[in-house]
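K.L.:
Starting off with a structure, shown below.
The values are calculated or read from the model by the stated rules, or taken from the named source; none is laboratory data. Keep in mind that what you see is a predicted model, and the values were worked out from it rather than measured. Cβ placement follows ideal geometry from the backbone for every residue including glycine, while neighbour counts extend to all protein chains displayed. We work out accessible area using only protein heavy atoms, side chains counted, and drop any ligands, DNA or RNA first. Shrake-Rupley method; radii C 1.70, N 1.55, O 1.52, S 1.80 Å.
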Amino acid sequence: MPVSQVHVRAQLENVTNLQAPGDDFQYCIKTKCGSCGEVSERWQYVSGDERVDVPHSRGSCNMTVKCKLCGRVNTLDVQTDKKQKYTYDDVPNFKVIISFECRGLSVVDFQFGKGWQCEGVDSKTPFTDLDLDEDWCDYDEEANCPVGITELEYKVT
Ligand SMILES: [Zn+2]
């Protein structure tokens, strides 16, 4: 089964374990039809806890995408068991944080969006509901130090 993977990297300042919490996290992606090559215009949201029926089958999946150009219905599943945290030790390398199982399509773009979380390296202070469409910074009262996530990058393979 073809798999699309999202690799990320970032500079972490006094925080670690950057992750998309919960199975209901909404990943923001764009997909490309494997039949005709059409890339979805709009951003699509998919989470591992949503189930929809696969047309003409008894199965279900996390998302169906009907191609605007050729009309084919393709499906996608979030591999929530393959989800990874991006840690302080991973800097400055890329790491796969999530994978998608793709049938008839591939994931070609990704947007961080909202809802991310991380924690203080030593204090373990939780920071939640981060909006990573831009750099994030805050202050860890417990550890008495500034915290932040900058230079976010991603690639999809
Ligand atoms: Zn198509």
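K.L.:
How would M1, M63 rank on accessible area, largest to smallest, probe 1.4 Å?
P.N.:
M1, M63
K.L.:
A further question follows. In the chain, which cysteines lack any other cysteine Cβ under 4.7 Å from their own?
P.N.:
C28, C61, C102, C118, C137, C145, each lacking another Cys Cβ under 4.7 Å.
K.L.:
Kindly provide the GluC sites (Glu not before Pro) of segment 71-157 that DSSP labels as loop, not H, G, I, E or B, and whose Cβ sees at most 15 other Cβ atoms within 10 Å.
P.N.:
For GluC sites (Glu not before Pro) across segment 71-157 that sit outside H, G, I, E and B with at most 15 neighbouring Cβ atoms in 10 Å, the list reads E134, E141, E142.
K.L.:
In addition: Over segment 1-77, with the other protein chains present, what is the accessible area per residue in square angstrom, probe 1.4 angstrom?
P.N.:
Details: 4250 Å² over 77 residues.
On a per-residue basis, 55 Å².
K.L.:
Follow-up. On a straight-distance basis, which aspartates and glutamates could pair with K83 in a cross-link, Cα separation under 16 angstrom, same-chain partners fewer than 8 positions away excluded?
P.N.:
By straight Cα distance, K83 reaches D23, D24, D49, E101.
K.L.:
In square nanometres and to one decimal, what's the mean projected area of the convex hull around the Cα atoms of the chain? Can you show the working numbers first?
P.N.:
Details: hull surface 37.1 nm².
Averaged projected hull area, Cα only: 9.3 nm².
K.L.:
Report in % the part of the accessible area of the chain that belongs to carbon and sulfur, leaving out ligands and nucleic acids; probe 1.4 Å. Mind dumping the intermediate values first?
P.N.:
Details: 3730 of 8620 Å².
About 43 percent, which is the carbon plus sulfur part of the accessible surface.
K.L.:
A follow-up question, please. Taking the full set of protein chains and a 1.4 angstrom probe, give the accessible area of R9 in square angstrom, rounded to the nearest 10.
P.N.:
The accessible area of R9 comes to roughly 80 Å².
K.L.:
Sticking with the crude label model, points 7 Å out along Cα→Cβ, report the distance from D133 to V73 in nm, one decimal please.
P.N.:
The modelled label-to-label distance comes out at 3.1 nm.
K.L.:
Within the set of other residues whose C-beta is less than 9 Å from the C-beta of C33, count the net charge using Lys and Arg as +1 and Asp and Glu as -1. Before the final figure, lay out each step's value.
P.N.:
Values: positive: K32, K68, R72; negative: E38.
Spelling it out: positives minus negatives among the neighbours equals +2.
K.L.:
Continuing with the same structure: Would you mind pulling out the separation of the Cα centroids of segment 67-85 and segment 136-154, in Å?
P.N.:
If we compute the Cα centre of each part, the gap is 32 Å.
K.L.:
To the nearest 10 Å², what's F94's accessible area with a 1.4 Å probe?
P.N.:
70
K.L.:
Could you give the length gained by full extension between R51 and R103, i.e. 0.36 nm per residue of separation minus their alpha carbon distance, to one decimal place? Spell out each step's value before the answer.
P.N.:
Details: separation 52, 0.36 × 52 = 18.72 nm, distance 1.54 nm.
Computed gain between R51 and R103 is 17.2 nm.
K.L.:
Can you return the lysines within cross-link range of K85? Criterion is Cα-Cα under 19 Å, with same-chain partners fewer than 8 residues away left out.
P.N.:
Candidates past the 8-residue exclusion: K95, K114, K124, K155.
K.L.:
Return the loop-located GluC sites (Glu not before Pro) in segment 32-63 (DSSP other than H, G, I, E, B) with at most 12 other Cβ atoms within 10 Å of their own Cβ; answer none if there are none.
P.N.:
Values: sites: E38, E41, E50; in loops: E38, E41, E50.
Counting only loop positions with at most 12 other Cβ atoms within 10 Å, the GluC sites (Glu not before Pro) in segment 32-63 are E41.
K.L.:
If I stretch the segment between Q111 and D24 completely, what's the gain in nm (0.36 nm per residue apart, minus their alpha carbon distance), one decimal?
P.N.:
That pair, Q111 and D24, stretches by 29.7 nm at full extension.
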